[in-house]
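Okay, so here's the structure we're looking at.
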Amino acid sequence: MCGIVGAVAQRDVAPILLEGLKRLEYRGYDSAGMLVVTPEHKFSRKRAMGKVAVLGDALSSDPLPGHTGIAHTRWATHGRPSEGNAHPHVCNETIAVVHNGIIENHDALRAQQKELGYRFTSETDTEVIAHQLHHHYSQSHDLLAAVQAAVGDLDGAYALGVVTNSDPERIIVARRGSPLVIGLGVGENFIASDVAALVPVTQQFIFLEDGDIAEIKRDAITIYDHEGHEVTRPVRQSELTADAVERGQYRHYMLKEIFEQPRAVADCLEGRISGDKLLEAAFGHEASEIFDQVQGVHIIACGTSYHAGMVGRYWLESIAGIPCSVEVASEFRYRKPVVRNNSLIVTLSQSGETADTLAGLQEAKRLGFGHSLAICNVPESSLVRESDLTLMTRAGPEIGVASTKAFTTQLVSLLMLVIALGRRNGLDPFVEAKMIQQLEHLPGKIDHVLQLDDRIREIAEGFADKHHTLFLGRGAQYPVAMEGALKLKEISYIHAEAYPAGELKHGPLALVDAEMPVIAVAPNNELLEKLKSNLQEVSARGGELIVFADEHAGVVESENMTVLPVAPTDDCIAPIIFTIPLQLLSYHVAVLKGTDVDQPRNLAKSVTVE
């Protein structure tokens, strides 16, 4: 959830590290810090609360010269946000470390280290790593050996970058359960928790495997696996460019990413359909054989991806006739599920490093659920590497913490899975051809619904003084309502809840009054008349309604009901279409309330800790 950058070079690395931190700001953080080894072999460190820009201002007035350095943005877990808790952490002016993840046995290690005479200056779990490294380094006098010994003492998840001023021309890194990449330069090399941090300086990367420890020098990289054997990991060329992670003409990344959805959906579909047929090879060369065995689907995901999975359940059962379960990953991994033979485990994650989802996949494999499919946006991620089949969403970089195009491309990917599995369960070829046609027209339909932007901005003004909102949907639109509520609460800090519209009379109707906006999505389907009755329940009690309705749905504006017409949409893609105006609404409300749209408080983009 935090960000790591490091460099060993023939030039001053502070500007590289600072730019890398700026490019990791989207991940969410509360403080930042940097440490370099000076030409005199001393540590020079600066840490600051708040934005990376604060650290940058400090560096402008007092630069940090040096050719080796590590830097970090912290998202507080152990210990409050403070300068003293910010990374890098240093032990006895000899060892410095940056760390992503959580050390679960930090209390026991802290007690042991206090007995050995170590003094603590922070409340973090990370500081025990620095002391443990120093303890082993004082015995071996070799940084690589010290890291190899220290990680054996750690329980939990970590990505580590470690330097010592007595051997300043190398960085030792280690990873378990938290992502870490090595960037390859000419006469210089880099480390980072995310490729995006390093795209200004390299396009070549090595993605470390779980348990790897690596020695990074200017002119050499040596990698060891979890057993200490020297190994070779493939060098991959990244297609990510520096321009791809810029805002361009848009005020916020979130708005840019909302408007990128037509292109993202088109990219997701490209090369995966031919004529009126889905090409199953898009899921992997073993896909057809695996799909032949599937008797049920079990979806594991978190947050927005969980909502995508819930939509997928409606599709899989109503279109493909395949039983489907959907679970929050953090719950699945700790309960005792009944193993169902020939289940397809489907994991959904934008980053592919979501800790709970990754652990859920590992637990499902351990229990013997069956084959696995990862629907993900990052080809080199842990989730992709651990799955039998993969379908890349191709959403492109998503910087805003509130997911938008990752969600819609996940839905498109799930609809392709529905077609693939439906074929094996009697799906009419005519129905498949119609669904393919709808998917091909989807980018244009999203473009059309984006034209509601100005009207939605006007409606958002009515939320300026509101503190609570209800979202309603029926059928596959219920998860869409859940996603709309999540977006609004994430970035505007307005309390929002979503309900199946039929549940209003079982409790939520008690909340309805003129101060409680109620937002509903109304496609023109078999549940429309039921939904209209639910809207009347709200209207009769003086509730303020905002309804995004299919133009042919016959939902008519009234004194306390605003209707925004959405172009007629086939029911199979309606959840994707009706998601878009809810994203725009949450964005404009947040802008009007003056919140930090791209980096909302207390949240991180990639949740790599439990």
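Observations on the model:
- Tabulated pairs, segment 511-523, first farther than 12 Å from PHE463 by Cβ, second β-branched (Val, Ile, Thr) and in a strand (DSSP E or B), C-beta under 7 angstrom, 6+ apart or interchain: VAL512/VAL518; ALA520/VAL547; ALA522/VAL547
- Test: residue in segment 190-212 that is surrounded by fewer than 23 Cβ atoms within 10 Å (Cβ to Cβ), under 15 Å from ILE70 (Cβ atoms) and touching a residue at least 24 places away in the same chain (Cβ under 8 Å): no
- The residue that is modelled with the highest pLDDT, counting only those in segment 568-596 that are of a type in the set (A, V, I, L, M, F, W, C) and over 19 Å from ILE519 (Cβ atoms), is ILE573.
- Some residue of segment 144-165 being of a type in the set (D, E, K, R), farther than 21 Å from HIS106 by Cα and surrounded by fewer than 21 Cβ atoms within 10 Å (Cβ to Cβ): no
- Verdict on LEU198 being aliphatic (A, V, I, L, M), in contact with a Phe, Trp or Tyr (Cβ under 6 Å, 6 or more places away or on another chain) and farther than 25 Å from SER140 by Cβ: yes
- The listed residues are ASP454, ASP513, and the only one of them that is surrounded by fewer than 22 Cβ atoms within 10 Å (Cβ to Cβ) and within 32 Å of the chain's Cα centre (by Cα) turns out to be ASP454.
- Exclusive hit being touching a Ser or Thr at 6+ places or on another chain (Cβ under 8 Å) and on the phi > 0 side of the Ramachandran plot, set GLY79, GLY84: GLY79
- Qualifying positions in segment 546-571 - without any contact (Cβ under 8 Å) to a residue 24 or more places away in the chain and touching a His at 6+ places or on another chain (Cβ under 8 Å): none
- Count - residues of segment 332-364 that are touching a Leu at 6+ places or on another chain (Cβ under 6 Å) and either under 21 Å from ALA157 (Cα atoms) or assigned by the TED database to the domain that holds ARG175 (or both): 4
- Any hit, segment 25-45, residues being within 17 Å of PRO200 (Cα to Cα) and touching a residue at least 60 places away in the same chain (Cβ under 8 Å): yes
- Identity of the residue in segment 68-84, assigned to a strand (DSSP E or B) and within 22 Å of the chain's Cα centre (by Cα), that ends up surrounded by the most Cβ atoms within 10 Å (Cβ to Cβ): ALA71
- The set of residues from segment 17-46 being in a strand (DSSP E or B) and farther than 26 Å from SER351 by Cβ comprises LEU35, VAL36, VAL37, PHE43, SER44, ARG45, LYS46.
- Check on GLY183, without any contact (Cβ under 8 Å) to a residue 24 or more places away in the chain, within 27 Å of the chain's Cα centre (by Cα) and either buried (at least 21 other Cβ atoms within 10 Å of the Cβ) or within 29 Å of ASN92 (Cα to Cα) (or both): yes
- Checking segment 357-373 against the condition returns a match, with at least one residue being of a type outside the set (S, T, N, Q) and assigned to a strand (DSSP E or B).
- Every pair of residues 6+ apart whose Cβ atoms lie under 8 Å, when the first sits in segment 572-600 and is in the same structural domain as LEU486 (by the TED database) while the second is among the polar types (S, T, N, Q) and surrounded by fewer than 24 Cβ atoms within 10 Å (Cβ to Cβ): CYS572/GLN438; ILE573/GLN438; ALA574/ASN525
- Contacts under 7 angstrom Cβ, first residue in segment 469-490 being without any contact (Cβ under 8 Å) to a residue 40 or more places away in the chain and farther than 18 Å from ILE319 by Cβ, partner assigned to a helix (DSSP H, G or I) and not hydrophobic (A, V, I, L, M, F, W, C), 6 or more apart: none
- When SER61 is tested against the conditions (1) touching an Asp or Glu at 6+ places or on another chain (Cβ under 9 Å); (2) over 29 Å from HIS136 (Cα atoms); (3) free of Cβ contacts under 8 Å to residues at least 24 places away in the same chain, the lone failure is (1).
- Extreme residue, surrounded by the most Cβ atoms within 10 Å (Cβ to Cβ), among residues of segment 547-562 that are more than 33 Å from the chain's Cα centre (by Cα) and part of a strand (DSSP E or B): MET561
- Meets criteria (part of a loop (DSSP other than H, G, I, E, B), crowded, with 24+ Cβ neighbours inside 10 Å and under 27 Å from the mean Cα position of the chain (by Cα)) for HIS87: yes
The values are calculated or read from the model by the stated rules, or taken from the named source; none is laboratory data. Nothing here was measured: the structure is a model prediction, and the numbers come from that model. Ideal geometry is used to build each Cβ from the backbone, glycine not excepted, and the neighbour counts take in all protein chains shown.
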